[in-house]
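Each remark here refers to the structure printed beneath this line.
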Amino acid sequence: MPPNILLIHTDQHRYDCIGANGHPLVQTPHLDRLAGEGVTFDHAFTPSPICVPARASLLTGVWPTVHLSIANADTEAPRPFRDGLPAFSQVLNRAGYRLGFVGKWQIHREKSPLDFGFHDYIDDASYGPWRAAQGLPPPPHTNRWFGEPDPYITPEQSRLAWGADRALELLRVYAAGRQPFFLRWDPSEPHLPNIVPEPYASMYPPADIPPWPSFPDPLTGKPYIQAQMRRTWKIDGWTWEQWAPIVARYLGEISLLDAQVGRLLDELDRLGLAENTLVIYTCDHGDLCGAHGLIDKHYVLYDDVARVPLIIRWPAQAAAGRRCDAFVCHELDLAATFCDAVGQPIPPTFQGASLLPMLRGDHSNARQDILAMYQGNQFGLYSQRMLRERRWKYIWNATAEDELYDLEQDPGELRNLAALPEYASELARLRRRLVEWMEQIQDPLLNGWTRAQLLENLSR
């Protein structure tokens, strides 16, 4: 019997902000339950830590350098992903699936999910009119991007709950039909600003929240743009006491999100669908939220933004409660996984690999490292490539200093080792491997000039 698929794909959820992933405070009982019943991927990384490129990669199964939508719409490179690339949703549509999309789309201004094989689409933008129709004032926005409590609503009236309500409505309709279904919920949360109703706004006392491992960071020997971003956001010199209330609201929003995930899991149980439903929880990228003294996610490839939560449950196929340490490019690999799960050929354009073998415990073809990239956003274009191993991380900034981190000794990525002579051989090895990755994916940034930049003078 073909499996149903439920994808919960959130926005800007840090890997370490799930109880099951080790956060000391955040309460996520439903995500913890999902992890206990499924497989947690501990080294899942986004292809690009920014909304539009990552989401376009999920739909099309290719790197941003292939689909060419390398930045968000409010930039100097606001192009949609290129025409002619097959989407995983079109594959599922042709296989007889009923497809629904609820939430944040964002990746194409002229086309909606309905143009890519989905049958039903409910946009997050519909929440504002719904809220007004209930006689509720719009959410406050007096603290800019730093968030604040929403005094006008209950949790049940939040955008998160509204989105879960819409997903539940489609789930019940699909359960009553004869077709297998693919249901995708893309809430806009926990993306900043976190404007959160009580009791979630006050759920985590700021004084109780420990600093991120990457805070504070003097940014010594690091690219100039990082210090510039602090000045641009007017957060230069902030103490942890200033950051802690912002982080508290971020964690509160995650707990509100978790409650909605629980509602969907409970409904699958009630409908008798859990055993044959592939459930995936993940997000497009992480969030700095004070890490390295920075906000949002731009001009860096720290694990705070590049590493993502990925939990997959499929009781009929995968043993419960396992953790997988393999490197995963989650947006590309999920696109391939969906096709594989429904028994359809993976389109030859796709650049990821199905995760089904690893769900079943077969790690024979697991990657030993992973690539990620960034091309810039609202403050200008800026090319970066990341090569991440378990111990070492190398970031090539095409127009700035290299970055090299020993993650065993420095998990917060505070000390840039790239310019130190004693690490020259490690740096050279990682540069060579990065060139191999770029050749493999036909990265257009690799040319005669940049190849020389990476491979010449490796002893320095």
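The values are calculated or read from the model by the stated rules, or taken from the named source; none is laboratory data. Just so you know, these numbers come straight off a predicted model, no measurement behind them. Positions of Cβ are generated from backbone atoms using ideal geometry, with glycine treated the same way; all protein chains shown enter the neighbour counts. Accessible surface is based on the protein model in full, side chains and every heavy atom, while ligands, DNA and RNA are left aside. Shrake-Rupley method; radii C 1.70, N 1.55, O 1.52, S 1.80 Å.
Overview of results
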read-out	value
Unit charges on C-beta of K, R, D, E only; dipole of region 1-122, Debye	280 debye
Note, ³J(HN,Hα) from phi for region 247-260, Karplus 6.51, -1.76, 1.60, rounded to Hz, x at Gly and Pro	5, 4, 5, 4, 5, x, 5, 5, 5, 5, 4, 4, 4, 6
Cα lying deepest toward the dipole's positive end in region 191-250, options Pro218, His191, Ala207, charges on Cβ	Pro218
Hypothetical label at Ala227: residues of region 398-435 whose amide nitrogen lies under 16 Å (7 Å Cα-Cβ projection)	400-402, 415-416
Cα-based reach from Lys234 at 24 Å (exclusive), listing lysines while leaving out same-chain residues under 8 positions away	Lys222, Lys297
Rel. contact order, % - alpha carbon contacts under 8 angstrom, at least six apart, the chain	25 percent
Hull volume in cubic angstrom per residue (convex hull over the Cα atoms of the chain)	138 Å³
Charged-residue dipole, Cβ positions (Lys, Arg, Asp, Glu), region 163-318 about Cα centre, Debye nearest 20	380 debye
Mean residue ellipticity (222 nm) of the chain, computed from DSSP H runs ≥ 4 via -39,500 (n - 2.57), nearest 500	-9000 deg cm²/dmol
Positive-end residue of Phe45, Gly22, Leu6, charge dipole of region 1-135 with Cβ unit charges	Leu6
Dipole magnitude of the chain about its Cα centre (Cβ charges: Lys, Arg +1; Asp, Glu -1), debye to nearest 20	800 debye
Accessible area of the chain divided out per residue, in Å², using a probe of 1.4 angstrom	37 Å²
Between region 14-84 and region 261-312, the alpha-carbon center distance in angstrom	7 Å
Relative packing of peptides 431-439, 161-169 - highest average C-beta neighbours within 10 Å first	161-169, 431-439
Ala398 paired with Leu271, simple spin-label distance in nm, labels 7 Å along Cα-to-beta-carbon	4.5 nm
Cα-projected label distance for Asp42 with Arg429, points at 7 Å along beta-carbon direction, nm	2.1 nm
Carbon plus sulfur fraction of accessible area for the chain, probe 1.4 Å, in percent	52 percent
Pair Gln440, Arg94: separation of 7 Å Cα→Cβ label points (nm)	2.7 nm
Full-stretch length increase - Ala319, Arg451 - with 0.36 nm per residue and alpha-carbon distance subtracted	43.1 nm
Stretch gain in nm, segment Leu407-Ala132, where the contour uses 0.36 nm per residue and the Cα spacing is subtracted	94.2 nm
Theoretical gain in end-to-end length, Gln378 to Asp362 [0.36 nm per residue, Cα-Cα removed]	1.6 nm
Reachable lysines, given that their alpha-carbon falls under 20 Å from the alpha-carbon of Lys111 and they are not under 8 places away in the same chain	none
Charge dipole of the chain about the Cα centre (unit charges at C-beta), most positive-ward option of Phe146, Phe118, Pro347	Pro347
